[in-house]
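Contents: one structure, followed by commentary.
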Amino acid sequence: MATLHREVLEETGWRIAPIRRLGAFCRFTYMPEYDMWAQKLCQIYLARPVIQLHPPTEPDHQAVWLPLAEAIPALANSGDRHFAAKLL
């Protein structure tokens, strides 16, 4: 759980309150910073924002708030879209 909080804070600048774990999936992705393809285990949580402490510390990251129906097609991969669609 500490990793979840750290990643969200780095990538969005927000503290969150996790509500529940929705599931997990594996995907293959190219990681340009390492010049390699990797299999990633993605764990999906439903959470709510609590407070923004600072802007994202990761380059080219930002928090975007959308209604769920609009967010689903905007998500970058099918695993994220699957778990978001289950919430509808």
Within segment 1-33, can you find the residues that are more than 20 Å from ARG48 (Cβ to Cβ) and either aromatic (Phe, Trp, Tyr) or at pLDDT below 95 (or both)?
-> PHE25, PHE28, THR29, TYR30, MET31, PRO32, GLU33
Residues in segment 1-26 that are out of contact with any Gly (no Cβ under 6 Å at 6 or more places or on another chain) and either assigned to a strand (DSSP E or B) or among the small types (Gly, Ala, Ser) (or both) total 14
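Can you work out which of the residues in segment 1-45 that are among the aliphatic types (A, V, I, L, M) and surrounded by 14 or more Cβ atoms within 10 Å (Cβ to Cβ) is farthest from LYS86 (Cα to Cα)? So that I can check it myself, show each step before the final result.
From segment 1-45, those among the aliphatic types (A, V, I, L, M) are 1-2, 4, 8-9, 16-17, 19, 22, 24, 31, 36, 38, 41, 44; that's our starting set.
After this cut, where a residue has to be surrounded by 14 or more Cβ atoms within 10 Å (Cβ to Cβ) as well, the list is 4, 8-9, 16, 22, 44.
Values: LEU4: 21, VAL8: 22, LEU9: 25, ILE16: 21, LEU22: 9, ILE44: 12 Å.
So, considering only residues that are among the aliphatic types (A, V, I, L, M) and surrounded by 14 or more Cβ atoms within 10 Å (Cβ to Cβ), the one farthest from LYS86 (Cα to Cα) is LEU9.
Name the residues in segment 65-88 that are in a loop (DSSP other than H, G, I, E, B) and either within 11 Å of the chain's Cα centre (by Cα) or within 22 Å of GLU33 (Cα to Cα) (or both), would you?
Kept after step one, since they are in a loop (DSSP other than H, G, I, E, B), are these residues of segment 65-88: 65-67, 75-77, 88.
LEU75, ALA76, ASN77, listed by residue number.
The values are calculated or read from the model by the stated rules, or taken from the named source; none is laboratory data. As the structure is a prediction and not an experimental result, all values here were calculated from the model. Cβ coordinates were reconstructed from backbone atoms using ideal geometry, including for glycine residues, and neighbour counts include every protein chain displayed.
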